[in-house]
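K.L.:
Below: one structure in structure tokens.
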């Protein structure tokens, strides 16, 4: 059961006619990144490339959260497994903050 309060995934990256990147999920806007004329900010090509890369990272968030949940719920009990599960738990705590 998913009790997340965020827009359900998958999320997709889009680019407007001015080159500004955005992320959508469930046919609603998740976020819009600066550039391409949106937010009153014009970026050069390098800035647009960074904005697009950021959008792809943001769009991957639902799958990354699911991977962290699977790691956290895994059955491993070795010292390393417990270490990795602790990292996953800490990251999930940030998601739910």
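K.L.:
Kindly indicate whether any position in segment 79-97 is within 11 Å of the chain's Cα centre (by Cα) and part of a helix (DSSP H, G or I).
P.N.:
Within segment 79-97, the first condition is being within 11 Å of the chain's Cα centre (by Cα), and the residues that meet it are 95.
If we keep only those that are part of a helix (DSSP H, G or I) as well, we get 95.
Yes, that holds for at least one residue.
K.L.:
Residues of segment 1-40 being assigned to a strand (DSSP E or B), modelled with pLDDT under 85 and closer than 17 Å to residue 57 by Cα, which ones?
P.N.:
Applying the first criterion (assigned to a strand (DSSP E or B)) to segment 1-40 yields 11-15, 21-25, 28-32, 35, 38.
Going one step further and asking which of them are modelled with pLDDT under 85, we end up with 35, 38.
Once the filter is applied, which keeps residues that are assigned to a strand (DSSP E or B), modelled with pLDDT under 85 and closer than 17 Å to residue 57 by Cα, segment 1-40 yields only 35.
The values are calculated or read from the model by the stated rules, or taken from the named source; none is laboratory data. Since we're looking at a predicted model, the values are computed, not measured.
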